[in-house]
Amino acid sequence: MEYPATPVILDTAQVRSILKIPTGSWSLRLAQGRIPPATGKVGASPYWLQTDVDHWLANRPSAAVSKREG
């Protein structure tokens, strides 16, 4: 029997690293909606699934423009 792959769960620091967002810019970008929405929370700490972040990166407005121009 095959089991589905274990989802990769990311914390805020890991998402910041993937998106290349400096620590000081996180709150502003979050308020502007320029960060993928968290998948959920454990207590007060948000988390993201790697697949959700990858999907957001591939489908954000600036990615669509890049795809059309390329």
Residue-averaged [θ]222 nm for the chain, counting only DSSP H segments that reach four residues, each worth -39500 (n - 2.57): -13000 deg cm²/dmol
Residue of Pro22, Pro46, Pro37 that the Gaussian network model of the chain assigns the largest fluctuation, springs spanning Cα pairs under 10 Å: Pro22
Accessible area per residue, Å², the chain with all protein chains present, probe 1.4 Å: 76
Carbon and sulfur %, accessible surface of the chain computed with the full protein complex present, 1.4 Å: 57
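The values are calculated or read from the model by the stated rules, or taken from the named source; none is laboratory data. Everything numeric here is computed off the predicted structure, so don't read it as measured data. These accessible areas exclude ligands, DNA and RNA; they are computed on the full protein's heavy atoms, side chains included. Shrake-Rupley method; radii C 1.70, N 1.55, O 1.52, S 1.80 Å.
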